[in-house]
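Undergrad: Quick one: structure below, then a few questions.
The values are calculated or read from the model by the stated rules, or taken from the named source; none is laboratory data. None of these values were measured; they are calculated from a predicted model. All Cβ positions, even for glycine, are placed from backbone atoms using ideal geometry, and neighbour counts span all protein chains on display.
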């Protein structure tokens, strides 16, 4: 009803059309912060618009495992949000993206995503990605796995997500830790549809 106090129209609205490729990267508190770092390094050089979400625990792991500070990592991203910022654009399905990579993904984060619990921006953004039928890739970090972990992985997979434990391949004869990391990142980027030459492919230059 025109003039209803429950509806306010403020004029023309612009469409949320991606002017360039846009992707969400989340870093949680699991071991393996370097995966998130390396993914952001690649995407920033490739001129992607990146939206970085940092959980509270990720800041601790980042400090323990890498030489990057939160400020350093934020500089690699186009936009950075705290894990508690539920007003961020990535919390809405109307915000268009190619998808989301959680690197690394803790078992707590996996459990919340698997059960539709959105207690943080990381899990809310992941829930949005699933409901909008976009690519969600979780670099789950834990071993050994018990039945609850496995059930949560199955649940995410059945909902359209991709569970991608960073398990290294050795057919390309890696000579450094970077080689091992890049092999995983290359496969992850492939899944999102991002061309890269970070690692040799099977049957090529081996």
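Undergrad: Which residues, taken from the stretch 123-158, are exposed (fewer than 15 other Cβ atoms within 10 Å of the Cβ) and farther than 11 Å from residue 99 by Cβ?
TA: Of everything in the stretch 123-158, those that are exposed (fewer than 15 other Cβ atoms within 10 Å of the Cβ) and farther than 11 Å from residue 99 by Cβ turn out to be 131, 143, 144, 145, 146, 147, 148, 150, 151, 154, 157, 158.
Undergrad: From 91, 126, which residue is at pLDDT 95 or above and in contact with a strand residue (DSSP E or B) (Cβ under 7 Å, 6 or more places away or on another chain)?
TA: Answer to the selection: 126.
Undergrad: Turning to a different aspect of this structure: If you take the residues in the stretch 159-168 that are part of a loop (DSSP other than H, G, I, E, B), surrounded by 14 or more Cβ atoms within 10 Å (Cβ to Cβ) and free of Cβ contacts under 8 Å to residues at least 60 places away in the same chain, which one is farthest from the chain's Cα centre (by Cα)?
TA: Applying the first criterion (part of a loop (DSSP other than H, G, I, E, B)) to the stretch 159-168 yields 159-161, 164-168.
Filter once more, so that each one left must be surrounded by 14 or more Cβ atoms within 10 Å (Cβ to Cβ): 159-161, 164-166.
Next, only the ones that are free of Cβ contacts under 8 Å to residues at least 60 places away in the same chain stay: 159-161, 164-165.
Working: 159: 16, 160: 15, 161: 11, 164: 11, 165: 13 Å.
Going through the qualifying residues, I end up with 159.
Undergrad: (1) modelled with pLDDT of 95 or more; (2) assigned to a loop (DSSP other than H, G, I, E, B); (3) closer than 15 Å to residue 76 by Cβ: which one isn't true of residue 23, the others all being true?
TA: (2)
Undergrad: A further question follows. Can you tell me how many residues in the stretch 170-193 are in a loop (DSSP other than H, G, I, E, B) and exposed (fewer than 13 other Cβ atoms within 10 Å of the Cβ)?
TA: 6
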